[in-house]
1. If we scan the range 227-241, do we find a residue that is in contact (Cβ under 8 Å) with a residue 60 or more places away in the chain, of a type in the set (S, T, N, Q) and closer than 27 Å to Val186 by Cβ?
2. Considering only the range 120-143, state which residues are surrounded by fewer than 20 Cβ atoms within 10 Å (Cβ to Cβ) and of a type outside the set (Gly, Ala, Ser).
3. So the check is Cβ under 6 Å with 6+ separation or different chains; which pairs have a first residue in the range 91-115 that's closer than 30 Å to Gly208 by Cα and a second one that's part of a loop (DSSP other than H, G, I, E, B) and modelled with pLDDT under 50?
4. For the range 32-55, which residues satisfy the criterion of being part of a loop (DSSP other than H, G, I, E, B), within 36 Å of the chain's Cα centre (by Cα), buried (at least 18 other Cβ atoms within 10 Å of the Cβ) and not β-branched (Val, Ile, Thr)?
5. Checking the conditions here, which among Gln228, Gln282 is polar (S, T, N, Q), closer than 25 Å to Gly311 by Cα and modelled with pLDDT of 95 or more?
6. For a quick check of your reading: which strands (runs of 3 or more DSSP E) sit entirely within the range 107-160 and have at least 2 residues that are in contact with a helix residue (DSSP H, G or I) (Cβ under 8 Å, 6 or more places away or on another chain) and either modelled with pLDDT of 90 or more or of a type in the set (A, V, I, L, M, F, W, C) (or both)?
7. Show me the strands (runs of 3 or more DSSP E) entirely contained within the range 356-439 in which 3 or more residues are among the hydrophobic types (A, V, I, L, M, F, W, C), at pLDDT below 95 and crowded, with 16+ Cβ neighbours inside 10 Å.
8. Looking only at residues in the range 282-293 that are among the hydrophobic types (A, V, I, L, M, F, W, C) and surrounded by fewer than 24 Cβ atoms within 10 Å (Cβ to Cβ), which one is farthest from Leu212 (Cα to Cα)?
Amino acid sequence: MRRRDLYKAVLAGLPASSPAAQTQAQGQAQASCIQPCYPPTPAEGVNAVPPPDLSFPPGNVLRWGADPTGGSDSTEALQRALNVAWASGNYGSPWTGKGGATPVILFPPGRYRISDTLTVPTGVTLRGAGHPANTESHTRIIMDSPGTHDNRDKPILRFNRTSLNGTVLMNAAVCSALQDLEFWYVTPGGTFDRPLHVGIPFGAYPNGGALLFDVDSTDTRIVNCVFQHAPAAVRIKGVPAEPARRGDGQRGNRGVGIFFENCEFDASCTHVYATGSELDLQFKQCQFYGAMHRYEGCTGKVVYQGGRWHGAAYVDAASVPNALMKFELKGADIEIGAPAFIRLNKAKLIDISQNAVLGGSSAASWLEVTDADGGCILCNAIDNSGRSSSPQPGKVASTAVVKLRGCRHVLIASNNITATEAGTYAGFGILCEDGARASRGNFVNGNAVSAPYSAGARNAESRSIKVAAADILGMNHSLAPDEPDRLGQ
């Protein structure tokens, strides 16, 4: 198809605008354009200015003057590219049923400097140039506000209900996608060329995060992306399940659903920080390094499948209680460096299975679950967890490799828990105990626990496995230097 015919076909599928304005814009563009030439499209009229470089096709951020060298601020250019994607999508609502391809915004390789938050419309794809691990051909977006470089409270991308031109509302993060992009922050004392200087303490930002979701989201995919040294890689706040009228007059608050695949979360204050929201989060084959996943007052489900946790990455879902319907962690490679790898409070269903765990010098439990109402902890291989825990006063120590408190109807089976004999671990291998409510109906069966648990220091109790009175103890095997072999303890 000739370019003229292609251009006519594109025009036929775009929203109508003033014929006189179209003719004038096309004439001016073609008169000044150096081949190849891609004349302005009707959708680009949303910005009220023509794109400055027509040698790049629509959808390419360089068309709007974005600087891939980082020499100049690209905030305005990138936002204009996002505005056009919204206008070309022609979404009065995501449920109009109009169909058509999702608008794609292309980021050629380079480092793009921004100084303020970019608002992302619904139903668009932001695509970089190859996986960020390819250091010669990848796309990096760096938040670098002027002055003190205090970017803690500035999201890089915000998925939000807002107005592009005073009249057109974006709906939410529906059917949106991020692919092959890398996100960085310049921290106080850093520079654009050397972004990382000091860390960002937890709680120093109410909104900061590479991605901010404070409206409902669904069918959102984030694939092959890297998040580096941010106040939070993903910040989710105030999106409960109940519908409610938002400040823009539209109804929202139906939760946040995001699918992450093959993403890398590097050293940050938090990888995920979610508060007061209904969640549907799935992480598949992602890598997490050196930061926590913090959930506060959330409902819904959080699922981790495969991937790797190392450098003191951990999950805190207990400091502020949650009421998750489901929490799942399966098939992960875990190196414990944090005080406790998972702390979970009030989940209806848990599934923590088939993980390979290498503990460090942790002073607390590998897994602490409170008030779960069902599920399983199955087939985990746990080596050296908590081996340096110091003794604590009282008859029952408060630490265990696997600790359930006030849980009911959880199956703990076929786990292999070992530790070096040089350790001084004074907790339990597996511990089920009463909490604010009685522990009841948990079934501990078929576990192999072999570790230097100090029975003599704890009133000659068995330190390998201990369950509450209303729990069920099946056939387990334990071996410790000061305990005989036990079958069906």
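The values are calculated or read from the model by the stated rules, or taken from the named source; none is laboratory data. These numbers come from a predicted model, not from an experiment. For neighbour counting, all protein chains shown are included, and Cβ atoms are generated from backbone atoms with ideal geometry for every residue, glycine included.
1. No - not one qualifying residue is present in the range 227-241.
2. Here is the first cut: in the range 120-143, the residues surrounded by fewer than 20 Cβ atoms within 10 Å (Cβ to Cβ) are 125, 127, 129-131, 133-137.
Hits for the range 120-143 are Thr125, Arg127, His131, Asn134, Thr135, Glu136.
3. Qualifying pairs under 6 Å: none.
4. Within the range 32-55, Pro51 is the sole residue that qualifies.
5. The match here is Gln282.
6. So the answer is 110-114, 118-120.
7. Values: elements: 356-358, 367-370, 375-378, 381-383, 400-405, 410-413, 416-418, 428-433.
Once the strands (runs of 3 or more DSSP E) in the range 356-439 are filtered for at least 3 residues that are among the hydrophobic types (A, V, I, L, M, F, W, C), at pLDDT below 95 and crowded, with 16+ Cβ neighbours inside 10 Å, what remains is 400-405, 428-433.
8. Step one: of the range 282-293, the residues among the hydrophobic types (A, V, I, L, M, F, W, C) are 283, 286, 288, 291-292.
Next, only the ones that are surrounded by fewer than 24 Cβ atoms within 10 Å (Cβ to Cβ) stay: 286, 292.
Values: Cys286: 19, Met292: 17 Å.
Only one residue tops the list, namely Cys286.
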